[in-house]
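Comments concern the structure below.
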Protein chains: 4
Amino acid sequence: MTDPAANDPMAALFPPGGLLARLRDANRDEWLAYTRHDFVRGLADGSLPQRCFRHYLVQDYLFLIHFARAYALAAYKSETLADIRKGLAAATAIADMEMGLHIKYCAGWGIGQEEMQTTPEAPATIAYTRYVLERGLSGDLLDLHVALAPCVIGYAEIGLALDCDPSTRRDGNPYADWIAMYAGAEYQAVAREAASFIEALAGRRGASARLDSLVRTFGEATRAEIAFWQQGLDAR
Amino acid sequence: MTDPAANDPMAALFPPGGLLARLRDANRDEWLAYTRHDFVRGLADGSLPQRCFRHYLVQDYLFLIHFARAYALAAYKSETLADIRKGLAAATAIADMEMGLHIKYCAGWGIGQEEMQTTPEAPATIAYTRYVLERGLSGDLLDLHVALAPCVIGYAEIGLALDCDPSTRRDGNPYADWIAMYAGAEYQAVAREAASFIEALAGRRGASARLDSLVRTFGEATRAEIAFWQQGLDAR
Amino acid sequence: MTDPAANDPMAALFPPGGLLARLRDANRDEWLAYTRHDFVRGLADGSLPQRCFRHYLVQDYLFLIHFARAYALAAYKSETLADIRKGLAAATAIADMEMGLHIKYCAGWGIGQEEMQTTPEAPATIAYTRYVLERGLSGDLLDLHVALAPCVIGYAEIGLALDCDPSTRRDGNPYADWIAMYAGAEYQAVAREAASFIEALAGRRGASARLDSLVRTFGEATRAEIAFWQQGLDAR
Amino acid sequence: MTDPAANDPMAALFPPGGLLARLRDANRDEWLAYTRHDFVRGLADGSLPQRCFRHYLVQDYLFLIHFARAYALAAYKSETLADIRKGLAAATAIADMEMGLHIKYCAGWGIGQEEMQTTPEAPATIAYTRYVLERGLSGDLLDLHVALAPCVIGYAEIGLALDCDPSTRRDGNPYADWIAMYAGAEYQAVAREAASFIEALAGRRGASARLDSLVRTFGEATRAEIAFWQQGLDAR
């Protein structure tokens, strides 16, 4: 058997016939509005006002704090030691490594950690992070992971799509690093692993009988991502 | 179509082919150890030392407080207004009505509410109640209801079984009232409704794909019920 | 000792020297931006476009569902039977009575329950409700009640302020009923009781040592209320 | 200023005038019953039947899984990035390092990981772990840490006390390694850090106004520890 990811990295993010592909297809309009948002187009051609990007970077810092909490919650909600470890590893990767990279990256944009720590969370940041956490607390581990998926998998798709698109501006694009980071092998591997974990969890937790509810969760989280891009764009 | 409950009240507690019947059958030994525990036999023939029963009654009061909390948690975890209302109605029925009946019943046994409020929770009480609540928080609404089921449905089965059994002592049995309460139409209706709610929820939340985990939850809750009876018996 | 509420109903909502007064004063700008929002002014002089009000009513219906869940959560998080009952009574009052009144009131504006049930939650609705619920889950009962306070107490202040203000238009104001409802004795009593419950809880849960955190929670919930009014206004 | 821990390692576990010392003193009988339990005495003089110790080791493995979950929950419930990281570090230390050491140590006693994974949780294991987790979910971060303290701090006190006691048997005591591990510098440093974290948290979360509730939590967790020793002893 050949590994579909070998030939088609996009298919590895949405395994054919799997839950994620069904969730995306059931929310096709929202998914396109998210992954092809004007903010994303502005990253692709470098036209995004840097003021918007800086606003986004600060809010993304605050967002990451709650994303680390969400994976800690996933560890708590796990039924097996293996799943506990996966949740902890993801939370630690965010709170330590990803946070560290983000802080370093933001320093390159002239934004210090102190500034990020003291900036209040903007409305779309609160909306998205608390939606995910609350969904995880009211539902089970699958509900939580489905609420997290548009971020984890979506950024991988966006990075990949921009990287493959010949019209993406490379020379002199101030956002080229950002695109390279999410298109890069390291992040793609994280997202592929997340996708395959969700597909396995979907089987164990009866996803196909819960599809309506999961479609709603995925859709609401996707709309929260759209609002998060828009919040950046509105800062211009 | 005829209503199976009309002919067979036991079948109404475990709808044939449904989740509850599967959970009970997968934990047959535990279920029998619970529903035919020496404490229950002592209720049936009136031989249970009254000291044991009094200990049980006080702990059952403390238990009910957390059972009200568990249904409040169910209301919080609900996805629809109808389910929220069901959870609240059950929690309120426990915290107000059932608690009131229990206090009145205990008064007949010479136990005042003050005494019950100030008695510390015994180990098996803590174990059972916190197990149920924590299962509800780490899992979803179905996990919570499956953890609650051995109590709600089990007491209905025990009441019914003792009431139907010709060998149950009726005259001069100090526990006749207790048996009559759980065998009574009111409690049986509550338990039947709980059973049918769980079966519907099972469908909506993909129970058949999650059977191993649900069997474990039902089994652990049943073992907690056995320990709760035993705790009463050990008070002699 | 005389009851301050007898003479000054506003003081009864923010008992002098108490936690609520400190939380409001520490968030003075946000509090004024909320209680004197253009949406509120539009209710006072009847100038609010009815389209905005209808949008608000539908979202308020969806909001109430989660507010009922928040009080159910409060019941779960309670340490005493008295507090459990208070939480359940509040949740039930919202899910049954207040919901019923709201549905009836909306019918008068030509909005059916079916329409409300099928309308998706708008961003500010999701942000506010999930913020409150998540704060309640990550913190304790006091954190939860402080997150709920801007809604419960704020609406009472707004109702009272509009009702006392001679410039509020009474004749032919389509929103006169709404104002009367929140200024009315029944709602004011609910809010006063909530205020005195929070003050007592503040003492029991060490509020004065936790002030920074509580000020932040109250501020974020107030900003969420501002965004909720603005969402209504933006629907014009 | 001199560091009290330099002279008195016990004082470092219960900083004088701090919360932990008050919680221990308010539960003095329970604390002695826990730290001087017959199981502990049997470790000290080597008289504990090995069968009891093996039973304890297996249950301690299952216990550790939930303790890792409890620290993951602490990370979720944290309000600052620093606290999130502390929670994750503790959870990861348990799930990876401590678990690894435990598995290795158990191998020395002829107990394989497979055996531990498939052994059902015994009643006292369920009672203790679910009590802690549920307390953490119904309360705040301080309630959670106070519920965890009897384990973390208590084992350090027990290790230290046995190690300092000249009557502790050293030669040919099969439990000498166990004592050395908890008396050792590494574990003592972990416990001291936990103690100083709790004292700081106590200040930030208003512990002195919440003392009754915290005393109850600490007492219940201590009783759960007693039951956990007893469960081992009863396996003989």
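At-a-glance table
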quantity: FRET E, pair residue C:50, residue A:51, Förster distance 51 Å, beta-carbon r, rounded to 0.05; calculated: 0.85
quantity: Point-charge dipole on Cβ atoms (K/R +1, D/E -1) for the range C:1-136, about Cα centre, debye to 20; calculated: 120 debye
quantity: Carbon plus sulfur fraction of accessible area for the range A:98-172, probe 1.4 Å, in percent; calculated: 56 percent
quantity: Gyration tensor verdict on the range C:138-236 (Cα atoms; rounded if a/c is under 1.5, prolate if a/b is larger than b/c, oblate otherwise); calculated: oblate
quantity: Karplus-derived 3J(HN,Hα), 6.51/-1.76/1.60, for each residue of the range A:36-52, Hz, glycine and proline x; calculated: 10, 4, 4, 4, 5, 4, x, 5, 5, 9, x, 8, 4, x, 5, 4, 5
quantity: Mean projected area in nm² (Cα convex hull; one quarter of hull surface) for the range A:1-110; calculated: 9.7 nm²
quantity: Using a 7 Å Cα-to-Cβ projection, residue A:234 label spacings across copies, nm, ascending; calculated: 0.4, 5.9, 6.0
quantity: For the protein assembly as shown, alpha-carbon Rg and Dmax in angstrom; calculated: 28.9, 95
quantity: Shielding of D:217-227 by partner chains, average beta-carbon count, 10 Å; calculated: 2
quantity: Cα gyration tensor shape for the range A:99-195, rounded if a/c is under 1.5, else prolate or oblate; calculated: oblate
quantity: Shielding by partners, peptide D:205-215 (average Cβ within 10 angstrom, other chains); calculated: 5
quantity: Phi to ³J(HN,Hα) by Karplus 6.51 cos²θ - 1.76 cosθ + 1.60 over the range A:214-225, Hz, x for Gly, Pro; calculated: 5, 4, 5, 4, 4, x, 5, 5, 5, 4, 5, 5
quantity: Ellipticity estimate at 222 nm from DSSP helix runs (n ≥ 4, -39,500 (n - 2.57)) divided over chain A, nearest 500; calculated: -24000 deg cm²/dmol
quantity: Overall form of the range D:168-224 per C-alpha gyration tensor (a/c, 1.5; a/b vs b/c); calculated: oblate
quantity: Rounded Å value of the spacing that divides the Cα centres of the range A:96-122 and the range B:107-162; calculated: 49 Å
quantity: Shielded by partner chains, the range B:130-152 residues - at least 50 Å² of accessible area, 1.4 Å probe, vs chain alone; calculated: B:130, B:134, B:137, B:138
quantity: Exam field: residue B:115 pseudo-label spacings to other copies (7 Å along Cα-Cβ), nanometres; calculated: 4.7, 6.1, 7.0
quantity: Listed pairs A:77/B:86; C:86/D:77; B:77/C:86; B:77/D:86 exceeding 27 Å between Cα atoms; calculated: B:77/D:86
quantity: Per-residue mean of C-beta atoms belonging to partner chains within 10 Å, peptide B:64-75; calculated: 6
quantity: Orientation-averaged projected area, Cα convex hull of chain C (nm²); calculated: 12.6 nm²
quantity: Cα Rg over Rh - the range D:129-179, Kirkwood; calculated: 1.22
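The values are calculated or read from the model by the stated rules, or taken from the named source; none is laboratory data. Since the structure is predicted, the reported quantities are computational estimates derived from the model, not experimental observations. FYI the Cβ positions are ideal-geometry reconstructions off the backbone, even for glycines, and counts take in every protein chain you see. Quick note on the areas: whole protein, heavy atoms, side chains included, nothing else; ligands and nucleic acids left out. Shrake-Rupley method; radii C 1.70, N 1.55, O 1.52, S 1.80 Å.
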